[in-house]
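To start, the structure itself, in structure tokens.
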Amino acid sequence: MHLAASLVTVMNDIRQHSPDLVALTGDLTNLGLQSEYEAATRWLEDQALPPTLLVPGNHDALIREHFNTKSSLWTQWLRNESGFPSVLQKEKVALIGLNSAVPTPPFFASGRLSGKQLEALSATLRQCREEGLCRVVLIHHPPAPGLVTQRKALEHMDTLQTVLRQEGAELVLHGHSHRATLTCIPGTPIPVVGTTSASHSAGDSDRTAGWNRVTITPDTDCWRISIQRRELGGNGVMQNGFMHHFTPHRLSDAKAL
């Protein structure tokens, strides 16, 4: 169940932690209607967030008609004037946004990345690496197997995994599964972190409304990254969940957040 009160509590908690950047992984609408895009635009404006990168979710693309016109309302958060991948950089951290949202038949919620977008991603990851940036990739659909059913999965997932294996990334953040999870890109140490919906009702720890506080610290020869799960308790108060520490070379563990 999705509740407006949960969303308000989560967003207040985010602001209280004063993040430098905010990453939103999509599904700000239900059906992708023009009226929903307009309402989501007003909501984004009201949040008064720090620099934010948004990527579309499958719900935002359910209605194909006028998608470009609708999504133009979100340009200041999508940052996709030059297409995808989009990039938001602050100091030595680069958020890199992918668009996996495509219209699908009824009862399907799969995602897809075009060959052009994957080619551009490869170049972007390479350039950011050469500039010494910590590369955090945002995508709505999980880029690792077993997190959602096949009808909801990212098509040709292995192609994206190949790009990430070849060019590297320090962290991948996704939505879609509505669960707090931690896994990695197969054959790599690249962490893949999912979170629950910010508007879920309170419940089990892996599904209750929440967000992930990501702390990135440069070290001598690596990035030290910690994920602090913040979740809505049954009493309506935000609380700490699991915490994980890792570098680009080693996960502290592989349990669900």
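List of remarks:
- Using the Karplus relation 6.51 cos²θ - 1.76 cosθ + 1.60 with θ = phi - 60°, the per-residue 3J(HN,Hα) values for the range 90-97 come to 9, 6, 9, 10, 10, 8, 10, x Hz, with x marking Gly and Pro.
- Taking amide H atoms as placed 1.01 Å from N in the peptide plane, the amide H of Val22 lies under 5 Å from those of Thr52, Leu53, each 5 or more residues away in sequence or on another chain.
- Cα gyration tensor shape for the range 134-257, rounded if a/c is under 1.5, else prolate or oblate: oblate
- Normalising the average separation of contacting C-alpha pairs (under 8 angstrom, six or more residues apart) by the number of residues puts the relative contact order of the chain at 16 percent.
- Charge dipole (Cα centre; +1 on Lys/Arg Cβ, -1 on Asp/Glu Cβ; no other charges) of the range 155-257 amounts to roughly 300 debye.
- Global geometry of the range 1-90, whether rounded, prolate or oblate, following the gyration tensor of its Cα atoms and the 1.5 cut on a/c: oblate
- The range 155-218 versus the range 45-93: alpha-carbon centroid distance in Å: 19 Å
- Count of lysine pairs in the chain with Cα separation under 30 Å (8 or more residues apart, or interchain): 9
- Contour minus Cα-Cα distance for Ala39 and Val8 (0.36 nm per residue): 9.6 nm
- Calculated [θ] (222 nm, deg cm²/dmol) that DSSP helices of n ≥ 4 give over the chain, each run adding -39,500 (n - 2.57): -7500 deg cm²/dmol
Quick note: the coordinates plus some simple rules give every number you see, no bench work behind them. Since this is a predicted model, take the numbers as computed values, not measurements. Cβ sites come from the backbone with ideal geometry, for glycine too, and all protein chains shown count toward neighbours.
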